[in-house]
Structure formats: structure tokens, C-alpha cells
Amino acid sequence: MEKQTGVQELDEVAVRFSGDSGDGMQLTGTLFADASALFGNDVSTFPDYPAEIRAPQGTIGGVSGFQVHIGSKKVNTPGDYCDVLVAMNPAALKANIKWVKKGGMVIADADQFNEKGYQRAGYKTLDAVTELNLQDYKVIMAPITTLTKESLKDSGLDNKSIVRSKNMFALGMVYYIFDRPMNFTETYFETKFKKKPEIIEANKKVLQDGYNYAANIQAIPNTYSIKPSKILPKGKYRTVSGNTATAWGLIAAAEKAGLPLFCGSYPITPATDILAELSKRKDLGVKTLQAEDEIAGICTAIGASFAGNFAVTSTSGPGLSLKSEALGLAVMTELPLVVVDVQRGGPSTGLPTKTEQADLMQALWGRNGEAPVVVISATSPSNCFDAAFNAGKIAMEHMTPVILLTDGFIANGSEPWLIPNMKEYPKINPPLVEEGTQGYMPYARDDKRLARGWALPGKKGLTHRVGGLEKDFLKGSLSHDPINHQRMVDIRAAKVERVREFIPEQKVIGDSEGDLLVIGWGGTYGHLLDAVTDLREKGKSVSLCHFSYINPLPKNTRDILSRYKKLVVCELNMGQFANYLRMNFQEFNYLQFNKVQGLPFTVVELVEKFNQLLEGK
Amino acid sequence: MEEQYLNYTPQDFKSDQEVRWCPGCGDHAILSAVQKALPEVSKELKYNIERYVFVSGIGCSSRFPYYVNTYGFHGIHGRASAIATGVKVANPTLSVWQITGDGDALAIGGNHFIHAIRRNIDVNILLFNNQIYGLTKGQYSPTSPLGKITKTSPFGTVEHPFRPGELVIGAQGKFFARTLDVDVKLTSEIMVEAAKHDGTSVVEILQNCVIFNDGAYDFISSKETRDDRVIVLHHGEKMVFGKNRDKGLVLSGLSLKVVTIGQGGFTMDDILVHDAYNPNPGVHMMLANMEFPEYPIALGVIRNVKDSTYDDNVRDQVLEVMKDAKIKCVDDLLNSGETWEVK
């Protein structure tokens with residue numbers, strides 16, 4: 001088969017796959033992303049799917065999307081807008097056209113654009129192009145369903161299985177347009193359907209037929225090439241999602257501490273994949289307990305921590321609410337514990353599949369009494385590994401609960417990751433008490449970290465009792481003494497404060513002083529970095545200060561904040577981190593840029609906002 | 001040194017903490033029974049003192065761990081089963097005991113309680129049932145009888161109580177026993193049986209709250225009437241009771257029936273033999289649900305059935321997977337699956 005015309009080279013491109021939630025768009029997008037990563041591009045992905053597993057077919061509510069941003073340059077976000085939209089039905093087109101760049105390409109399954117399809121998607125007319133004003137877009141209406149049926153008519157598969165393969169036809173078309181090698185995807189079929197050779201063959205054929213179809217129609221004059229990235233550091237790479245990286249970071253911490261990993265969790269979107277990934281890792285001795293509820297998740301973890309495992313629990317906002325009381329117990333008993341909160345839209349059940357950063361205050365303060373915990377956040381899918389590792393290190397070495405905040409966007413998103421070598425990670429040294437230690441006192445502390453010793457049941461000569469009632473300063477026995485209570489409240493706070501001495505200083509990307517400092521935390525890093533980079537390339541005095549460590553804040557925070565004319569705190573909530581900074585550093589004026597739509601920032605809106613601020617508006 | 005377990009006395013299990021239950025509270029007797037049982041358990045199972053962990057929730061009974069000189073964890077309200085589960089899974093060599101009350105286990109902690117039992121985690125659960133909330137000063141509990149007048153039910157409760165045995169067996173419990181606080185000897189014997197049982201053992205201890213529900217069990221605890229109103233079950237023995245050992249239980253249709261041996265044509269041969277090991281829960285459920293005055297109250301080990309335990313299953317599965325695993329360390333994991341080189 002001959003390619004019709006030349007190949008145009010691009011630095012980057014974003015493709016969005018969309019269809020019914022049963023159309024397999026998440027898989028299609030993932031295959032495209034993986035093929036591109038293996039080809040050598042930098043990649044960032046963004047799954048955008050509904051809470052319903054199968055909403056009514058063909059409706060807007062049931063549209064599932066997956067955006068993939070690939071580049072020969074560094075790619076920090078999944079892209080605000082896409083260059084190509086694949087829409088498997090009228091609803092997908094209607095729901096996603098707002099995410100397509102003006103003049104971009106739309107590939108749609110013409111077979112679904114019938115009266116029924118239009119009606120279900122709530123169109124007023126039977127002409128999508130006119131109704132959605134698509135005259136300026138390159139719209140390719142391809143009879144994807146018909147062609148898939150034709151392609152597989154001799155496959156021996158039943159009609160349902162044949163129609164289900166139409167996503168691979170669409171993927172084949174996209175592979176042609178972006179000049180992707182298909183061997184990675186073919187290998188995927190071979191592994192995935194090892195026991196069903198007929199399915200392997202059918203998928204390969206549909207993929208190839210989609211590719212050939214795109215090559216043959218006149219509607220696609222150009223193909224595009226995105227060369228392998230040259231700026232990625234040398235080494236061995238893999239693709240990783242935030243949730244997988246989180247799970248692996250926790251396992252790494254357990255390995256470096258020489259302790260078994262225990263995870264007690266209750267399934268909750270979008271955190272469930274952490275529990276699922278850990279459940280797979282019995283090969284590394286990981287024990288997982290799918291608890292009867294969120295409370296049992298954290299309480300089994302606290303029990304496991306008391307007995308000497310590195311214990312974790314994973315959840316999302318509503319689950320963190322349920323864990324509040326038990327978190328207080330972990331504060332009181334001063335046991336190591338990592339709680340991962342993959343934030344989603346709230347309050348209440350909120351927007352389970354959408355991203356938000358509105359659990360910060362809950363993480364910092366959401367407990368009865370004076371109950372400080374360490375709070376840290378992860379900035380990107382692959383950064384979840386280091387963040388989870390650090391959470392584990394702090395929890396175990398400082399004998400404290402640590403809340404790790406990720407969010408739905410980085411948890412489900414994925415990117416290529418330069419595989420680290422565990423030799424480069426520090427050993428974790430929990431303050432385990434030696435068997436038979438003379439004069440052991442449960443609440444005696446080391447001077448450096450103020451951490452109490454971790455004396456494990458089963459060890460001779462260390463029997464002791466812990467619990468939720470206030471403890472004597474040294475012996476750990478019950479104490480209602482007023483002065484003792486004050487001392488204990490003070491020391492628990494001081495212990496968390498002391499963590500500051502063990503975390504890295506805060507870094508600034510850009511200049512050490514200037515007109516505008518953009519401040520962010522957690523999963524907004526990629527978008528903020530792109531926006532700031534964009535403005536800096538235009539000569540603007542803008543820098544980025546993006547926080548991973550939230551409680552305690554790094555030592556040099558005040559110093560950084562004092563060096564810029566304007567500070568703007570950008571977050572996907574109503575201003576929780578801004579208020580936290582106000583509380584800690586009252587002398588500065590904080591501007592805010594907030595968004596609570598269940599969506600990440602777009603680079604475009606950030607750049608616009610920063611420009612306004614720079615112009616003094 | 002290693003054989004300490006041979007030589008413990010009850011004194012070894014007493015902590016230096018002052019016991020703060022009300023004078024006359026049934027908990028004192030239970031504490032003695034446990035401290036009496038533990039040297040026996042240690043000897044039989046070869047456990048040194050450091051292997052014991054006592055976990056509790058909230059309530060009067062939940063102060064218990066402070067009074068036993070072992071490892072202890074005083075948890076939060078209702079969550080003792082979950083905490084105990086975590087302890088046991090983390091280190092299956094420990095002997096884990098949960099101390100809980102009717103409010104802690106059956107109201108706020110009902111969910112964890114039934115799921116611990118369903119999983120058959122190897123924890124010994126001592127359920128102190130005084131049919132009242134003591135620590136909050138006298139509100140009705142999930143086991144208070146219908147119509148019970150308390151601070152929060154001044155006109156009598158309008159809700160049906162749980163029968164703990166029924167709940168335990170309904171949750172697929174494999175071990176259920178019942179005892180009475182004042183019978184230290186029986187309680188102590190049952191503790192040993194509970195400890196020896198591999199899996200969740202629930203021991204319901206009928207316990208008197210001297211302040212807020214005094215006399216709830218007088219009808220069976222007084223010496224004069226006890227023998228006629230309770231039946232102490234022993235596996236393999238006839239279900240006979242009464243001062244003169246002349247009463248017994250027979251099966252009549254699908255129900256149990258109390259008969260007098262030698263009357264109505266019933267002889268000793270007709271009396272049922274207690275089979276605690278029978279996996280079929282039918283008779284166990286009927287025994288656990290017997291209520292006075294129609295029946296005697298059943299004490300002793302009512303159900304004691306072997307099955308695989310959660311903690312063993314977790315350990316075995318991990319070992320099984322590890323045996324042939326290709327991934328042996330985190331570096332292996334990170335480098336598994338699709339990878340590529342950037343040169």
C-alpha cells in the first residue's frame with residue numbers, strides 16, 4: 001500500500017478518543033499512548049470517564065474519553081485541546097468538540113450518525129456539521145461499523161464480538177495518520193488473548209484494515225510524524241500511571257525498611273487501583289486486606305502497624321472522612337501509617353471520576369482534638385512513586401501517620417518514566433526497639449526526631465499497652481493529668497514540626513526573585529509548569545514554586561515568598577492552600593486562581609490569568 | 001528461658017495498673033478467669049507471655065488490656081475486631097484476644113464483628129454482655145430485652161435485641177461458647193478451649209453491671225436456682241441438667257424440648273448428645289437461642305468446628321505465589337512488563 005502524499009513533521013500532537021462507555025475508548029487510548037511511548041515519544045494521558053459503568057447507550061452522560069498527548073519534546077500535560085478527535089457516536093462528538101483545536105480533525109463513525117443516534121445525543125437536527133458549526137474542522141465521516149463488519153465477516157466471530165472490534169478499526173486509522181508502528185499493539189493482542197487465537201487474528205485484521213482504509217481515502221492528504229524525543233534522558237523507560245506508581249513506591253519503602261507491607265483498604269474511585277496493584281504483588285510478600293468498610297481499612301492497618309508491618313490504607317475524599325477518628329488513634333498511639341487520599345470532586349459523593357484538590361483542609365485538620373499529621377502531595381503520575389516512598393520513610397522513621405494527597409488526574413493519567421534504580425534510594429531506619437531493652441518506656445523519644453520507639457508484640461521484655469486515651473509522657477500509661485496533657489499535645493506537634501529538618505528545601509523554577517511567583521501544589525504541576533515556561537519564553541518575569549511537602553512546609557518557604565512582587569496561588573479548590581499560607585505567613589498578599597469544575601487547569605487559561613496579573617489587572 | 005510458658009502463674013498476667021471497675025462489677029471475675037486461664041493456655045500451646053496481644057474497643061470491658069501484663073491495644077469504639085484482624089494478619093504467630101462489650105461489638109462495631117467472624121480470623125473474642133451501656137451511664141444496648149426501661153428508654157425499649165449466639169452462627173461462626181461471670185472455673189475452662197480453637201472464637205460472657213443493670217442474670221446466677229436453669233454443655237456428653245441431673249433435652253419435631261428423664265416415656269437413651277464439632281449449625285443455633293423459662297440457658301462450648309482461617313489463607317497464598325515468582329525485589333518489579341531504551 002502506497003502512502004498518498006508526504007509526511008509532515010510535528011513536535012507534538014494530542015488525540016482524544018471518545019465513545020460510549022462500552023466502546024473501549026480507555027483501552028484504545030492506552031494502546032495509542034503505549035505505542036507512542038515505546039516508539040520514543042514523551043507521553044501524557046488523561047482518562048475522562050463517567051461514573052456510570054454503562055450509562056444509557058448513545059447519551060451524553062455515557063461518553064467516555066481518553067486524551068493522549070505525545071511529543072518529540074517534553075510533554076508535561078495531556079494537552080488542553082486536541083488536534084484529532086475520534087468520536088464513535090454523535091454523543092461523543094457533541095460532548096467533546098469543545099476540546100478540539102479550531103481547524104482540528106474529527107474522525108467519526110458515520111454509521112452511528114442516524115436518526116436514533118442524533119436523537120439519543122439530544123441533537124435538534126440530523127446534521128452534526130451544521131449544528132455544531134464544524135465547517136472549519138476537517139471532519140472525516142467513515143462508516144467504521146460497516147467496514148469492521150465487512151472486515152470480519154469471514155472471521156467466524158459472532159456479530160457482537162465483531163462490532164466490539166470497531167475501536168481497533170478507528171485506532172488503525174489513527175496509526176496511519178500519525179505514522180505509528182503497529183507491532184507493539186499486535187504484541188499486546190498476542191499476550192492478552194493468548195488462549196483465543198481467533199480474537200488475536202480478528203483484532204490484527206481490523207487494525208490493519210483501518211490503517212489501509214485511512215491510507216486509501218482521499219480525505220486524508222497528509223500524514224504526520226512525531227519523531228522520538230531527543231531530550232529525554234538516556235536510560236530504560238516504562239509507562240506508569242499514578243496509582244501504580246503509588247503502589248510501587250509503598251512497596252519500595254517496605255523493602256528499604258526491611259518490613260512486610262500491609263494494606264487494608266476498601267474499594268473507592270479513583271483510588272481502587274492502588275489496592276488492586278498491591279493485591280497482585282504477593283510475589284513481593286505484600287499482604288492486602290479488602291476490608292468491610294473504610295474504617296476497617298484504616299483500623300486493620302493500625303493493628304498491622306502495632307504488630308510491626310509497614311501499614312498503609314488507600315482511599316478518596318469520602319473515605320478519608322470515615323477514617324478521621326482512626327487517624328486520631330494513629331496520632332495518639334504514634335504508630336507509622338500512610339493514608340493515600342486520591343482526591344476527587346466533592347463534597348459527599350460529588351464527582352467520583354473527576355479530579356479536584358479540595359481535601360487539603362480535611363487532610364490537615366479533619367480530626368477531633370489537636371491531631372497533627374504529616375501531609376505531602378504528589379505532582380505527576382511518575383512522581384507518585386517518590387512521594388509514596390517518602391511518605392513511608394517519614395511515617396516509619398518519625399513514628400507518625402502521613403497523608404499522601406494525589407488526585408484523580410495524576411492517579412489515572414500515565415507517562416513514560418525513567419526507571420529508577422533502588423540502589424539510589426536511601427535505607428529506611430524505623431526506631432525498632434531491641435528485644436530485652438532494659439528500662440524500656442513506650443513513650444520515651446529520641447532527641448533528633450522526637451519519635452518514640454516501635455516495640456513489636458512477640459519481643460521479649462517489651463510488653464506494653466497503647467490506646468486512644470491520653471498517655472503518660474514516658475510510661476505511656478493512662479494519664480488525665482492536665483500538665484501531662486499539655487506536654488503531650490506540645491510534643492506531638494513538635495514531632496511533626498521536626499520533620500521539617502528532614503525534608504528538602506523548596507525549589508523555585510525560574511528566577512529567585514521577580515514580578516510574579518506562581519504557587520501550586522500536587523497534581524497541577526504539569527499545567528503550571530507549561531504555563532510558566534510559556535511566559536518565560538516570552539521574556540516575562542514569572543517563576544513557579546510548586547509544593548510537595550505541605551505539613552510541615554519547607555524551611556525556606558517564607559524566604560521564597562518574600563522575593564516576588566506578586567504571589568498567585570493556583571489550585572483546584574476554593575483557596576485552601578492559599579488560606580494555609582495566609583495562616584502561616586501572614587505578612588504576604590496572596591492572589592488566587594481557583595477552579596472547581598472537576599477538570600484540570602488548561603495551560604491557556606493559566607497563561608491568560610498570569611498575563612492579566614503581570615499587566616496589573 | 002525459652003520454656004517460660006511452662007511456669008506461669010496468674011500473677012504473671014497481672015499488670016501494675018490499678019483496676020478501676022466498680023466494686024462488685026462482673027468484670028473483676030472475668031479478669032481473674034482470664035488470668036487463671038492464661039498459664040494453662042501458655043502451657044498447652046507453648047506461648048510465652050510476649051506472644052499475647054489484648055485488643056479492645058471502648059466501654060467498661062475495653063479497659064481490660066490495661067490490666068493484663070501482655071501487649072495491649074485499647075482502640076476506638078467498635079473497631080477492636082478490625083484492629084485485632086490487622087495485628088493477626090501482620091504477625092500470625094501472635095495470640096490475639098479481643099475484649100468487647102454488647103455495645104462495642106454489636107452496635108457501633110457490628111460490621112467489623114460479623115466480618116471478622118465470616119473471615120474466620122484466628123482471634124479470641126470475649127464478648128462481655130451486660131445488656132446495658134455502662135460507661136455512658138445506663139442507656140439500653142442492642143441486647144437489652146424488649147421493653148427494658150433505661151435512661152434513653154424511659155417508657156421501655158421498642159426494639160428487638162440481638163441474640164449474640166444467633167448472630168455469630170448466622171455470620172458463619174465456627175466457635176461459640178457462653179459462660180457466666182461468677183462461674184470463674186467454667187469461664188477459665190472455656191478460655192482455654194477458645195484459645196485452642198484455630199479461627200474466630202466468640203465467648204459470650206453474661207456479665208452483671210452492678211450499677212446500671214444489677215441482677216440481670218440473677219435468675220441463673222444464684223446458687224439455689226442455677227442448676228435447674230442452666231445447662232452446661234460438653235462435647236460428647238448427654239444434654240442433661242437440673243439439681244438432680246434428671247432433666248434433659250430431646251429433639252421434638254424440628255425443635256428442642258425439655259423432658260424429665262423417667263417421665264412421659266423418656267429415658268436417658270432419648271437425651272441428645274452434644275456434638276460441638278458438627279459443621280451443621282442447626283442444633284447449635286437452637287441451643288444458643290434457648291431462653292428461660294421455656295428452656296435452660298446453655299453454657300459451655302456450643303459450637304466448635306474446624307475450618308481454614310483467614311490468617312493462614314493469607315500467609316499460604318503469599319508463600320505460594322512467592323515460590324515461583326519471577327519478581328523477587330522492587331528492581332525486578334520496576335523493570336517488568338513493557339520497557340524501552342532511550343539511547
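The values are calculated or read from the model by the stated rules, or taken from the named source; none is laboratory data. The structure presented is a predicted model; accordingly, all values stated were derived computationally and were not measured. Counting neighbours? That spans all protein chains shown, and the Cβs are built from the backbone with ideal geometry, glycine included.
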Would a scan of segment A:92-107 turn up a residue that is more than 26 Å from residue A:218 (Cα to Cα) and either in contact (Cβ under 8 Å) with a residue 12 or more places away in the chain or of a type outside the set (Ser, Thr, Tyr) (or both)?
yes
Failed criterion for residue A:292 (all others in (1) in contact with a Cys (Cβ under 8 Å, 6 or more places away or on another chain); (2) free of Cβ contacts under 8 Å to residues at least 40 places away in the same chain hold):
(1)
Among A:486, A:506, which is touching a Cys at 6+ places or on another chain (Cβ under 8 Å), modelled with pLDDT of 95 or more and over 30 Å from residue B:90 (Cβ atoms)?
A:506
Could you check how many residues of segment B:97-109 are under 14 Å from the mean Cα position of the chain (by Cα) and either at the interface with chain A (Cβ under 9 Å from one of its Cβ atoms) or surrounded by fewer than 24 Cβ atoms within 10 Å (Cβ to Cβ) (or both)?
1
Search segment B:296-312 for residues being touching a helix residue (DSSP H, G or I) at 6+ places or on another chain (Cβ under 9 Å) and not aliphatic (A, V, I, L, M), and hand back the single one that is surrounded by the fewest Cβ atoms within 10 Å (Cβ to Cβ).
B:308
Among residues belonging to segment B:106-150 that are modelled with pLDDT of 95 or more and basic (Lys, Arg), point out the one that is farthest from residue B:177 (Cα to Cα).
B:148
Please go through (1) under 21 Å from residue B:68 (Cα atoms); (2) in contact with a His (Cβ under 6 Å, 6 or more places away or on another chain) for residue A:471 and return the number of the only condition it doesn't satisfy.
(2)
Inspect segment A:219-241 for any residue being surrounded by 24 or more Cβ atoms within 10 Å (Cβ to Cβ), modelled with pLDDT of 95 or more and more than 10 Å from chain B (Cβ to nearest Cβ) and give the result as yes or no.
no
Right, residue A:588: among the hydrophobic types (A, V, I, L, M, F, W, C) and in contact with an Asp or Glu (Cβ under 7 Å, 6 or more places away or on another chain) or not?
no
Among the candidates A:294, A:356, A:325, which residue alone is within 11 Å of chain B (Cβ to nearest Cβ), within 23 Å of the chain's Cα centre (by Cα) and farther than 16 Å from residue A:391 by Cβ?
A:294
Selected residue [touching a helix residue (DSSP H, G or I) at 6+ places or on another chain (Cβ under 9 Å) and in a loop (DSSP other than H, G, I, E, B)] from A:335, A:320
A:335
Could you list all residues from segment B:68-95 that are within 9 Å of chain A (Cβ to nearest Cβ), in a strand (DSSP E or B) and not aromatic (Phe, Trp, Tyr)?
B:68, B:72, B:74
If you go through segment B:294-312 one residue at a time, do you hit one that is within 9 Å of chain A (Cβ to nearest Cβ), assigned to a helix (DSSP H, G or I) and closer than 30 Å to residue B:121 by Cβ?
yes
Is one or more of the residues making up segment A:29-47 small (Gly, Ala, Ser), over 24 Å from residue B:342 (Cα atoms) and not in a helix (DSSP H, G or I)?
no
Look at residue B:136 and say whether it is more than 14 Å from chain A (Cβ to nearest Cβ), β-branched (Val, Ile, Thr) and touching a strand residue (DSSP E or B) at 6+ places or on another chain (Cβ under 9 Å).
no
Just one of the numbered conditions (1) at pLDDT below 95; (2) surrounded by fewer than 18 Cβ atoms within 10 Å (Cβ to Cβ); (3) not in a loop (DSSP other than H, G, I, E, B) is not true of residue B:185; which one?
(1)
Can you list the strands (runs of 3 or more DSSP E) found entirely within segment B:220-287 that contain at least 3 residues being more than 19 Å from the chain's Cα centre (by Cα)?
B:247-252, B:255-260
Residue check, residue A:410 against (1) surrounded by fewer than 22 Cβ atoms within 10 Å (Cβ to Cβ); (2) more than 19 Å from residue A:335 (Cα to Cα), all met but one. Which one?
(1)
Filter segment A:413-462 for residues that are assigned to a helix (DSSP H, G or I) and either crowded, with 19+ Cβ neighbours inside 10 Å or not acidic (Asp, Glu) (or both); the one that is farthest from the other protein chains (Cβ to nearest Cβ) is A:423
Quick check on this structure: which one of B:248, B:242, B:282 is within 30 Å of residue B:119 (Cβ to Cβ), of a type in the set (Gly, Ala, Ser) and at pLDDT 95 or above?
B:282
Criterion: over 25 Å from the mean Cα position of the chain (by Cα) and of a type in the set (A, V, I, L, M, F, W, C) - qualifying residue of A:585, A:547, A:577:
A:585
So is residue B:124 more than 7 Å from every other protein chain (Cβ to nearest Cβ), in contact with a Pro (Cβ under 7 Å, 6 or more places away or on another chain) and buried (at least 24 other Cβ atoms within 10 Å of the Cβ) or not?
no
Considering residues of segment B:54-66 that are over 17 Å from residue A:457 (Cβ atoms) and assigned to a helix (DSSP H, G or I) only, the residue farthest from the other protein chains (Cβ to nearest Cβ):
B:61
Filtering segment A:251-276 down to residues that are within 17 Å of residue A:319 (Cβ to Cβ), more than 9 Å from every other protein chain (Cβ to nearest Cβ) and crowded, with 21+ Cβ neighbours inside 10 Å yields A:263, A:265, A:266, A:268, A:270, A:271, A:274, A:275
Considering only segment A:434-453, how many residues are among the small types (Gly, Ala, Ser) and touching a residue at least 60 places away in the same chain (Cβ under 8 Å)?
1
